[in-house]
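The values are calculated or read from the model by the stated rules, or taken from the named source; none is laboratory data. Note that the structure is predicted; figures quoted are calculated from it, not measured. Glycine gets a Cβ as well: all are built from the backbone with ideal geometry, and neighbour counts include every protein chain shown.
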Amino acid sequence: MSALVTTFAAVVALVGATVHPGDGPALEGATVIVEGDRVTAVGVGLSPPAGATVVDVKGKVITPGLIDAWTGLGAAEVWGVAETVDLDAGGADPVRAAFRVVDALNPRSPTLAIQRAHGVTAVVSAPGGGLIAGQAAAFDLTGRVLRPSVAMAARFGGGEGTSRGEALLRLREVLDDARTYAAKKRDFEGARLRRLAASRLDLEALQPVLRGELPLAITVHRAADIEALLRFAAEQDVRLVIIGGTEAWLVADALAAARVPVVLDPVANLPGDFDRVHARDDAAAKLAAAGVPLALSTFGLHNVRKLRQWAGNAVRAGLPPADALRAVTAGPAAIAGLTDRGRVAPGQIADLVVWSGDPFELSSRAEQVWIAGERTPDGHRQRALFERYRHVPPPY
Amino acid sequence: MRIAWLLALALAGCGSTQTQTPKGRTAVPLEPPVALEPGAFVPTALDPPTVLIKNATLLTADPARPRVERGWLRLRDGRIEAIGEGDAPAPGEGEQVFDADGGFVTPGLIDTHSHLGVYPQPGVWAHADGNEMTRPVTAGVRAEEAFWPQDPGIQRAVAGGVTTIQVLPGSGNLIGGRGVVLKLHPRRSARAMRFPGAKDGLKMACGENPKRVYGKGKGQMPMSRMGSLFLMREQWVAARRYARDWAEWEKNPTKKEDGEDVPVTPPKRDLTLETLAAALAGDVLVHIHCYRADEMLLQLKLAEEFGFAVRSFHHAVEAYKIRDVLAAKGVAVSTWADWWGFKVEAYDGIEQNLALITEQGGRGVLHTDSPEGIQRMNQEAAKAYYAGLQSGVKVTEAQALAWITTEPAWALGIADQTGSIEVGKMADVVLWDRHPFSVYATARKVFIDGVLRHDADAPVAPWSDFEVGQ
């Protein structure tokens with residue numbers, strides 16, 4: 001990763017923009033004051049402190065940096081090159097709870113800066129494969145790990161050769177055995193326990209899930225399956241996050257009542273399989289209207305940068321713009337436990353984007369991307385290729 | 001227009017499977033003539049109303065008159081009858097009037113690369129009919145004969161303003177088969193959706209896919225790019241000979257024997273070579289899936305060697321590296337706005353690809369290859385446009401609109417029929433609620449051949465039987 005453009009003034013004042021704080025009304029002609037890596041003040045008519053570096057952003061729009069709550073970024077580079085894909089622990093055992101994506105991250109991958117240039121400042125990178133895939137990690141797009149473990153990833157739904165009922169049975173067995181393991185660790189170590197349904201490392205890794213510290217983030221689409229998981233989560237007393245959730249809108253009230261968040265691809269309106277027969281354009285709007293905590297996601301890797309376009313499409317399909325902005329900032333931050341990110345407010349980490357206009361509009365551009373109080377460089381590998389081939393034949 | 005020698009064959013057969021019997025001699029049985037050629041297709045009769053659209057900004061994609069600020073247009077008998085500026089004329093008897101209320105009108109959008117119908121929704125194995133990956137050359141298979149007209153993706157594409165698509169076989173094979181150009185009317189068969197008079201496409205593929213499917217997957221040729229080129233060259237050699245044999249037979253379908261005209265047995269019909277020979281003759285348009293610049297150059301060399309024309313490269317994420325060559329040859333570049341990186345041959349994709357091709361004077365086409373992307377062709381074109389513009393590439397809004405209208409129409413050989421708002425062209429027209437390059441723009445009305453096929457203000461039951469009663 002190339003070095004950050006350092007702005008060594010301890011205090012920076014971004015002056016004159018329309019600021020969308022992410023959790024409240026927009027402030028016109030406002031000033032954002034950043035000290036070190038944090039925002040210390042946001043308001044109209046604030047005077048920059050003495051010695052502050054003043055950045056004139058009059059006429060621009062400031063939002064929190066965008067956050068995609070479920071990607072493959074950083075732990076894979078080229079899908080077609082197996083050596084670069086580290087999202088799947090592999091192996092015959094479908095339980096891989098101990099596997100952590102954070103251990104496979106490559107913060108120097110050029111894929112990061114390409115997304116950052118479009119205003120994405122943090123992501124969750126999530127594992128796949130098996131029944132319990134492992135632990136998802138959150139990092140910012142300078143490559144800094146924010147939380148090594150934000151969720152336990154699993155999946156539930158139609159498969160080949162086995163019933164989804166069997167999958168739920170296995171999940172239940174593994175969680176039960178993780179409790180047994182915790183209660184009788186000495187017996188386990190002394191080999192005085194029956195054989196448990198997962199390895200020692202996996203049973204250990206599931207303890208934060210049982211304690212409610214780590215949510216089970218389950219990729220699931222069919223409404224009936226989501227209902228089954230709501231019952232399961234209540235029975236097991238674990239926190240649940242719905243990943244994908246194409247048919248979640250059908251059970252929006254139950255999700256809202258249980259305060260279970262949904263991470264949704266807002267443009268996934270196709271009945272891609274029999275778990276997604278009820279896909280529709282306005283699922284995001286329906287979930288938000290019902291009060292379901294919501295994050296919009298690209299579920300991507302190379303084009304996480306589309307996140308703002310996806311948000312724009314959610315608005316087009318009826319999601320109020322403020323809800324859409326929350327669903328790509330504070331919403332995903334909350335799901336990932338990034339409590340000091342996702343808003344432009346005093347005390348928050350200064351992950352900010354200065355846009356040339358409406359952040360969701362295709363004609364707008366992320367002119368400045370700030371992460372933890374520092375402006376990140378605009379350049380990236382695609383930009384370098386563009387420059388190299390600005391004229392043909394190229395200069396080599 | 002037609003496949004000359006096939007027509008000759010059909011005519012020689014007089015619509016039957018036998019030649020005329022000269023002077024009482026025994027007839028020479030011929031194999032059946034091709035009943036599927038575009039010329040044999042009679043479109044389903046439509047009875048479009050006369051439509052007047054007024055108070056719209058017309059983005060015509062016609063270079064002579066790209067933008068009409070306060071315009072109107074009249075659709076009659078499935079064609080654009082009149083275009084005007086200012087106050088619309090009084091509507092005639094029975095004419096349907098649509099007040100655009102300051103919205104925008106564009107031509108119907110055209111996608112050169114779709115797998116709608118051949119990889120339909122739901123994407124289950126039972127429906128996956130787009131790749132005949134049992135041997136690397138299957139030039140004779142036809143996407144038309146895999147197309148499921150009940151694909152729920154079709155109606156959603158129309159809701160995005162798309163009126164015409166080319167459905168292609170997939171890219172698992174070196175020569176995957178024939179693509180078909182369809183108008184997106186709801187119909188019970190692909191045959192009934194055929195774009196009248198449009199030539200078929202020939203889908204070819206270079207690079208990673210064929211060598212993965214065959215070399216890596218089956219341990220057979222092609223294992224490498226050189227194997228791919230070898231096999232392609234073999235096919236073109238055979239196709240040239242095949243075309244020559246038929247041309248000779250056409251010239252001399254009879255011979256003198258004992259002073260009488262005796263029929264000469266025609267060459268054996270070969271469905272693979274027949275399609276390739278048609279491509280050599282320009283009666284089937286060649287579309288090549290190719291990412292890397294050096295591989296596109298190889299294909300252009302092959303085309304020169306055997307005398308066929310590459311109509312469009314598809315995906316072509318490295319087209320910007322050889323845009324001087326592509327522009328000089330007039331080969332269309334069908335590509336995405338920002339896809340990259342999913343495999344090594346896509347690693348060097350950049351957002352300015354389309355804009356650079358256009359700046360160079362080449363033919364840029366925004367294609368989707370995606371049932372999701374086809375619903376947002378306007379947005380994808382906008383992204384590619386702004387990426388170019390913001391990097392200082394010389395590209396105009398009208399040129400960017402051409403990426404989804406006139407240029408794909410050219411790539412499919414239907415530019416004289418559709419792709420722009422001009423008097424006499426097919427009434428394929430989209431009425432947007434705002435500028436189509438806005439992320440918030442919605443296609444309010446979509447007319448295909450003058451028939452209102454999508455009306456955002458009056459939703460209809462799903463076209464697809466699959467979605468009924470779920």
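The figures follow:
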| read-out | value |
| --- | --- |
| Hits in segment A:369-396 - residues which are within 16 Å of A:GLN115 (Cβ to Cβ) and more than 14 Å from chain B (Cβ to nearest Cβ) | A:VAL369, A:TRP370, A:ILE371, A:THR376, A:PRO377 |
| Matching option when the condition is among the aromatic types (Phe, Trp, Tyr) and within 14 Å of another protein chain (Cβ to nearest Cβ), among A:PHE232, A:PHE274, A:PHE188 | A:PHE274 |
| Search result, residues across segment B:207-226 that are within 28 Å of the chain's Cα centre (by Cα) and of a type in the set (Gly, Ala, Ser) | B:GLY207 |
| Any hit, segment B:410-423, residues being farther than 23 Å from B:ILE83 by Cα, touching a strand residue (DSSP E or B) at 6+ places or on another chain (Cβ under 8 Å) and within 14 Å of chain A (Cβ to nearest Cβ) | no |
| Criterion (within 14 Å of chain B (Cβ to nearest Cβ) and basic (Lys, Arg)) met by exactly one of A:ARG316, A:ARG259, A:ARG326, A:ARG341 | A:ARG316 |
| Single match in A:GLY65, A:GLY59 (criterion: farther than 30 Å from B:TRP339 by Cβ and modelled with pLDDT of 95 or more) | A:GLY59 |
| Any hit, segment A:108-124, residues being more than 14 Å from chain B (Cβ to nearest Cβ), surrounded by fewer than 24 Cβ atoms within 10 Å (Cβ to Cβ) and under 28 Å from A:GLN348 (Cβ atoms) | yes |
| Checking B:ALA461 against (1) surrounded by fewer than 24 Cβ atoms within 10 Å (Cβ to Cβ); (2) closer than 23 Å to B:PRO48 by Cβ; (3) touching a residue at least 12 places away in the same chain (Cβ under 8 Å), the condition it does not meet | (3) |
| Residue match in segment B:399-408 (condition: in contact with a helix residue (DSSP H, G or I) (Cβ under 9 Å, 6 or more places away or on another chain), farther than 26 Å from B:GLY282 by Cα, at pLDDT 95 or above and more than 14 Å from chain A (Cβ to nearest Cβ)) | yes |
| Identity of the residue in segment A:297-313, more than 9 Å from chain B (Cβ to nearest Cβ) and among the hydrophobic types (A, V, I, L, M, F, W, C), that ends up farthest from the chain's Cα centre (by Cα) | A:TRP310 |
| Residue within segment B:433-446 that is buried (at least 24 other Cβ atoms within 10 Å of the Cβ), among the aromatic types (Phe, Trp, Tyr) and either without any contact (Cβ under 8 Å) to a residue 12 or more places away in the chain or more than 12 Å from chain A (Cβ to nearest Cβ) (or both) present | no |
| Of all residues making up segment B:180-194, the number that are in a loop (DSSP other than H, G, I, E, B) and either out of contact with any Gly (no Cβ under 9 Å at 6 or more places or on another chain) or surrounded by fewer than 24 Cβ atoms within 10 Å (Cβ to Cβ) (or both) | 6 |
| Considering residues of segment B:306-359 that are in contact with a strand residue (DSSP E or B) (Cβ under 7 Å, 6 or more places away or on another chain), assigned to a loop (DSSP other than H, G, I, E, B) and touching a residue at least 40 places away in the same chain (Cβ under 8 Å) only, the residue nearest to the other protein chains (Cβ to nearest Cβ) | B:ALA337 |
| Residue match in segment A:348-356 (condition: in contact with a Phe, Trp or Tyr (Cβ under 8 Å, 6 or more places away or on another chain), in the same structural domain as A:VAL11 (by TED's automatic domain parsing), of a type outside the set (Ser, Thr, Tyr) and part of a loop (DSSP other than H, G, I, E, B)) | yes |
| Test for A:VAL344: is it over 25 Å from A:THR31 (Cα atoms) and surrounded by 22 or more Cβ atoms within 10 Å (Cβ to Cβ) | no |
| Qualifying positions in segment B:143-159 - more than 21 Å from B:VAL468 (Cα to Cα), surrounded by 19 or more Cβ atoms within 10 Å (Cβ to Cβ) and either in contact with a strand residue (DSSP E or B) (Cβ under 7 Å, 6 or more places away or on another chain) or in contact (Cβ under 8 Å) with a residue 40 or more places away in the chain (or both) | B:ALA143, B:GLU144 |
| Members of segment A:122-174 that are free of Cβ contacts under 8 Å to residues at least 12 places away in the same chain and not acidic (Asp, Glu) | A:GLY159, A:GLY161, A:THR162, A:SER163, A:GLY165, A:LEU169 |
